[in-house]
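Notes follow the structure.
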Amino acid sequence: MPASLQIRESARVRRARIVVAANRPVEVVVPPGTPAAWIERFVGRHRPWIERRQAELAGVPSLGLQRPGVAWLHGQAVPAPSGDATAWYRRQARRELTEIARSEGERLGLTGWSRIRIGDQRSRWGSCSSRGTLSFSWRLVLAPRWVAEYVVVHELCHLRHMDHSPRFWRLVDHALPHRRRAQAWLRLHGAELQAYRP
């Protein structure tokens, strides 16, 4: 196993996952009680992916999210709130992402969404249901606003195409020409956002 490996048990996960972020040890998140031998085999099977990901992230500067007394909005440090920081982030995310969905939906003529849900999804940044519910991770408000805008526009485009067909990507590219830059930012820094604990 990699020398700098951290194991974290979490009752919130049903399946094991590996987090590789810039300037951080490799983290394996597992359900409580997962045997050490199973974790070792799991990491061994994913070693090539871990090494590719570490090579990709080599030299990527850390965002430095884990600073005492500091919270993050749109990639900028702000004074940490008093009280429950996660609840504060969720409120910020609901306000900010709802605002983006409304303004971008009107701009693009994609206004068929019914409501917005804010969660802490670990496998995706956002989703769009067939009933028009847009779901987003609160962690998007840690990222620069243009990155959050990409995720919101991506999900709004699913209101027209509920797939990732060429037609869908043409719509996304027309709506947001910088989407590849936003995707690249999430590939480089997404794991650090996911690893952040308020």
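The values are calculated or read from the model by the stated rules, or taken from the named source; none is laboratory data. All values reported here derive from a predicted model rather than from experimental measurement. We place every Cβ from the backbone using ideal geometry, glycine too, and count neighbours over all the protein chains shown.
Screening Leu57, Leu5, Leu108 for residues that are under 20 Å from Glu149 (Cα atoms) and either modelled with pLDDT of 90 or more or surrounded by 11 or more Cβ atoms within 10 Å (Cβ to Cβ) (or both) leaves exactly one candidate, Leu108.
Checking each residue in segment 162-182 for being part of a helix (DSSP H, G or I) and closer than 17 Å to Gly109 by Cα picks out Arg167, Phe168, Trp169, Arg170, Leu171, Val172, Asp173, His174, Ala175.
Here is the figure for segment 62-117: residues that are assigned to a strand (DSSP E or B) and under 24 Å from Ala21 (Cα atoms) total 7. Among the residues that make up segment 25-35, is at least one of them under 29 Å from Arg145 (Cβ atoms) and outside the structural domain of Leu188 (by TED's automatic domain parsing)? Checked segment 25-35: at least one residue is under 29 Å from Arg145 (Cβ atoms) and outside the structural domain of Leu188 (by TED's automatic domain parsing). Looking at Arg41, Arg91, Arg95, just one residue is out of contact with any Lys or Arg (no Cβ under 8 Å at 6 or more places or on another chain), among the basic types (Lys, Arg) and not assigned by TED's automatic domain parsing to the domain that holds Asp120, and that residue is Arg41. When you scan segment 162-182, do you find a residue that is touching a helix residue (DSSP H, G or I) at 6+ places or on another chain (Cβ under 9 Å) and among the polar types (S, T, N, Q), even just one? No; the residues of segment 162-182 include none that is touching a helix residue (DSSP H, G or I) at 6+ places or on another chain (Cβ under 9 Å) and among the polar types (S, T, N, Q). Here the condition is being of a type in the set (Lys, Arg), outside any strand (DSSP E or B), free of Cβ contacts under 8 Å to residues at least 60 places away in the same chain and within 21 Å of Thr86 (Cβ to Cβ); of Arg14, Arg24, Arg41, it holds for Arg14 alone.
Given the criterion under 26 Å from Val153 (Cβ atoms) and of a type in the set (Val, Ile, Thr), identify the matching residue among Val78, Val29. When all the criteria are applied, what remains is Val78.
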